[in-house]
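Reviewing the structure listed below.
The values are calculated or read from the model by the stated rules, or taken from the named source; none is laboratory data. Here the structure is a predicted model, which is why all the values come from computation and not from measurement. Because the Cβ atoms are built from the backbone with ideal geometry, glycine has one as well, and the counts that use them run over all protein chains shown. Remember, those area values only see protein heavy atoms, side chains included, never the ligands or the DNA or RNA. Shrake-Rupley method; radii C 1.70, N 1.55, O 1.52, S 1.80 Å.
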Amino acid sequence: MAAPRIASVSTPATAGPPATTRIGRRLVAVVLVLAVASGGVAWARSGDSGQAGEPGREARAAATIRALDTAWDNADRPGFRAAAGPGGGGWAARTFANLRALGVSRLSWRYVGTVSSGAPTSVTGTAGSGSPFSGNVELSWRPPPASAGSSRATVTVPFTFRDDGAQVGVVAPQPPVGPLPLWLAGRLRVARVAGGICVTTGSAAELSEVRALVSRAVQQVRNVLGTRPPGVLAVLPNDTATTRLLLGSASSQIAQVAAVTSTVDASSTASSAVQVVLNPALFDLLRPRGEQVVVTHEVTHAVTGATTAAMPLWVAEGFADYVALHDGSTPPRLAARQILAQVRHSGPPRALPSQGDFAAHKPGLGRAYEAAWLVFRLLGQRYGDAATAGFYERVRRGGPVAAALRHTFGIDPAELTASWRHSLDRLASG
């Protein structure tokens, strides 16, 4: 597959006043996406004569995975547990329950030994000794029908196995290079809402909280777009370690963000299913109003297809905040206090936020988000929600910003920039 690229969007968080400062990043067209290595299969073989039984162990591991695949196809819960082999019953029962609760369909399992990197399957001890070893399993499935996206998702996940000489048992999945499928992330609690699926690996109270936030977010998106948005999959892990597993290689980018929107398998096609993954380390620090802004921001990314679209970040992030702050309950003096402080000190920026302004390491990242929001706030006040959403959609579909501005509003980028700078001056002085 292609080299990693950003294919999602994230929202930053602060423990201060609700949703007043947001520092985020857009992972490809701004949760992210790491491509899973693909290529030929290399069976694990060792030059050590003590490993002479490895080919037999590989065959038994492949047989275990085939048995799991068959049992799932037959909706055979006892058979699925039995197929997991010695010591794997508990893992299998939890995984089967997760899959059924999520409504996952068209799931296939395939043992591939080692992938194209050429690294051998790790081995400790001799075949049949009961010692653990690891092997890769290719998983392909259709994500939950109530979540956005229709493509099958495919990832390769390393598993720890144990071989007793007669059967290879599944011990547990290991952290993959890419995202870990949600249904392998531990015991799940699942609730459905109009327009989405809410999941947590935590408590029933946390599930109730996410359900309320997503329900409100879907309604807020509908208020601006004028139509019911497609479904969204929102996840609140019980710890940051699980968040990192669900995001895979995106985990290095979550230190300052409260939530990330990503495709579930690191793919970047327009039909890829997406997930909103909350980062409890920061999300739990927010006040209720801040939590709602973060969730609505990310749901907007998810349901409008921003995750896999290549568009200017000021458009993607500005529109998401336009929806999240649309009710006007957070005034600009709070929601845009960083950019307004800069305007008071040195005047308004000479240009709209650039791609580089949204770099996660760059000082003043919060100002870029606030500045982008105020562009859309200006457009919404002058032209209304329908026209503003129409402009966003034209750009999301790949249209140049200048052409979209002319077609939708009859203005050019210079006119928009001048109006925006004037509004910044007015807000800062007021």
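Here are the numbers for the structure shown:
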| read-out | value |
| --- | --- |
| Complete set of residues in region 54-92 that are open to solvent by 30 Å² or more (accessible area, probe 1.4 Å), under 17 Å from residue 187 (Cα atoms) and in contact with a helix residue (DSSP H, G or I) (Cβ under 8 Å, 6 or more places away or on another chain) | 77, 81 |
| Selection count where residues are closer than 27 Å to residue 310 by Cβ and either in a helix (DSSP H, G or I) or in contact with a helix residue (DSSP H, G or I) (Cβ under 6 Å, 6 or more places away or on another chain) (or both), scope region 341-359 | 6 |
| Helices (runs of 4 or more DSSP H) contained entirely in region 367-430, each with at least 1 residues that are on the phi > 0 side of the Ramachandran plot and buried (at least 18 other Cβ atoms within 10 Å of the Cβ) | none |
| Strands (runs of 3 or more DSSP E) completely within region 149-223 that count 1 or more residues being β-branched (Val, Ile, Thr) and farther than 30 Å from residue 135 by Cβ | 189-193, 196-200 |
| Test: residue 265 is among the acidic types (Asp, Glu), modelled with pLDDT under 95, in a loop (DSSP other than H, G, I, E, B) and surrounded by fewer than 22 Cβ atoms within 10 Å (Cβ to Cβ) | no |
| Residue check for residue 99: under 24 Å from the mean Cα position of the chain (by Cα), outside any helix (DSSP H, G or I) and among the aliphatic types (A, V, I, L, M) | no |
| Single residue of region 226-244 satisfying the filter (open to solvent by 60 Å² or more (accessible area, probe 1.4 Å) and in a helix (DSSP H, G or I)) that is nearest to residue 383 (Cα to Cα) | 244 |
| Residue in region 341-353 that is hydroxyl-bearing (Ser, Thr, Tyr), over 30 Å from the mean Cα position of the chain (by Cα) and either surrounded by fewer than 21 Cβ atoms within 10 Å (Cβ to Cβ) or over 21 Å from residue 294 (Cα atoms) (or both) present | yes |
| Matching residues in region 187-223 - criterion: being under 27 Å from residue 96 (Cα atoms) and basic (Lys, Arg) | 187, 189, 192, 211 |
| Residue that is modelled with pLDDT of 95 or more, part of a helix (DSSP H, G or I) and touching a Leu at 6+ places or on another chain (Cβ under 7 Å), where the choices are 292, 338 | 292 |
| Residues being within 19 Å of the chain's Cα centre (by Cα) and either under 30 Å from residue 95 (Cβ atoms) or acidic (Asp, Glu) (or both) - total across region 210-226 | 7 |
| Residue that is of a type in the set (A, V, I, L, M, F, W, C) and open to solvent by 20 Å² or more (accessible area, probe 1.4 Å), where the choices are 217, 153, 205 | 205 |
| Unique match (being of a type outside the set (D, E, K, R) and under 24 Å from the mean Cα position of the chain (by Cα)) among 409, 319 | 319 |
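Okay, residues lined up against (1) modelled with pLDDT of 95 or more; (2) crowded, with 18+ Cβ neighbours inside 10 Å; (3) out of contact with any helix residue (DSSP H, G or I) (no Cβ under 6 Å at 6 or more places or on another chain):
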position	(1), (2), (3)
114	no, yes, yes
129	no, no, yes
146	no, no, yes
200	yes, yes, no
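To keep it simple, each residue is scored yes or no on (1) in a loop (DSSP other than H, G, I, E, B); (2) touching a Lys or Arg at 6+ places or on another chain (Cβ under 9 Å); (3) modelled with pLDDT under 90; (4) open to solvent by less than 10 Å² (accessible area, probe 1.4 Å).
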position	(1), (2), (3), (4)
246	no, no, no, yes
269	yes, no, yes, no
285	yes, no, no, no
297	no, yes, no, yes
